[in-house]
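One structure is given below, encoded as structure tokens.
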Amino acid sequence: MSPAFMEAVLAGDFARAEADAGVALPEFFRGERWGHLQYRLGMARAEPDTLAWLTRLMVLRDAAQAVGSIGFHEPPHPQGWVEVGYTVFPEHRRRGYAEEAVRGLFDWACRERGVCRFRASVGPWNQPSLALVHKLGFEQTGVQVDELDGEELIFEVDWPKG
């Protein structure tokens, strides 16, 4: 997501956001909470090199249609890991898009940026994400309380898995 895209979404100008990204955004996208983009936009403006680590759209290969979003919460932590976040829009769930996107993003980070340790924070109620982190080989390393999302289980994995 470019800074122009994020600005358009935050302004509620989804036609401009679609034009910037070159993809159709589903109706769900318009009602989603995108307040975190304000934080990401500030990060990208302050340090343009961070943009590669931040939120991206998941787009179908054979159609210019967004099916979700994925990215890291921030650039790599001083201890050498990054935390992934993702969502698949409801009408596109249960088709393997999140798994494919996470694998691709991890491969990119490890191959291109040398970051091969990943973290995911998942609500204990979020069965689809819990299934995904287990499928990808994550192991639970802790628990935290997020001020917006409540209790989250913390998982970590070294990539690629053998």
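Residue 4 falls short on exactly one of the conditions (1) in a loop (DSSP other than H, G, I, E, B); (2) at pLDDT 95 or above, and that condition is (1).
Could you list, in sequence order, the residues of region 135-153 that are assigned to a strand (DSSP E or B) and either touching a His at 6+ places or on another chain (Cβ under 9 Å) or among the acidic types (Asp, Glu) (or both)? Passing the criteria: 139, 146, 151, 152.
Being among the hydrophobic types (A, V, I, L, M, F, W, C), modelled with pLDDT under 95, over 22 Å from residue 148 (Cβ atoms) and open to solvent by less than 60 Å² (accessible area, probe 1.4 Å): is that true of residue 60 here? For residue 60, the condition - among the hydrophobic types (A, V, I, L, M, F, W, C), modelled with pLDDT under 95, over 22 Å from residue 148 (Cβ atoms) and open to solvent by less than 60 Å² (accessible area, probe 1.4 Å) - is met. Inside region 110-142, can you point out the residues that are open to solvent by 60 Å² or more (accessible area, probe 1.4 Å), free of Cβ contacts under 8 Å to residues at least 40 places away in the same chain and touching a Phe, Trp or Tyr at 6+ places or on another chain (Cβ under 7 Å)? Hits for region 110-142 are 139, 140, 141. Scanning region 64-87 for residues that are over 23 Å from residue 153 (Cα atoms) and open to solvent by less than 20 Å² (accessible area, probe 1.4 Å) yields 66, 67.
Scanning region 104-153 for residues that are over 14 Å from residue 82 (Cα atoms) and among the hydrophobic types (A, V, I, L, M, F, W, C) gives 122, 125, 130, 131, 132, 133, 136, 143, 145, 148, 153.
Counting only residues that are assigned to a helix (DSSP H, G or I), in contact (Cβ under 8 Å) with a residue 24 or more places away in the chain and open to solvent by 40 Å² or more (accessible area, probe 1.4 Å), region 22-48 holds 3 of them. Residues that are loosely packed, with under 13 Cβ neighbours inside 10 Å, free of Cβ contacts under 8 Å to residues at least 60 places away in the same chain and within 16 Å of the chain's Cα centre (by Cα) do occur in region 88-96. One residue alone among 42, 12 is within 18 Å of residue 74 (Cβ to Cβ) and over 14 Å from the mean Cα position of the chain (by Cα), and that residue is 42.
Could you say whether any residue in region 97-109 is aromatic (Phe, Trp, Tyr), in a strand (DSSP E or B), surrounded by 16 or more Cβ atoms within 10 Å (Cβ to Cβ) and touching a residue at least 40 places away in the same chain (Cβ under 8 Å)? No; the residues of region 97-109 include none that is aromatic (Phe, Trp, Tyr), in a strand (DSSP E or B), surrounded by 16 or more Cβ atoms within 10 Å (Cβ to Cβ) and touching a residue at least 40 places away in the same chain (Cβ under 8 Å).
The values are calculated or read from the model by the stated rules, or taken from the named source; none is laboratory data. This one's a predicted model, so the numbers in the text were calculated from it and none came from an experiment. Don't worry about glycine lacking a Cβ; one is built from the backbone with ideal geometry, like all the others, and counts go over all protein chains shown. The protein model used for the area step is the full one, side chains on, heavy atoms only, and it has no ligands, DNA or RNA in it. Shrake-Rupley method; radii C 1.70, N 1.55, O 1.52, S 1.80 Å.
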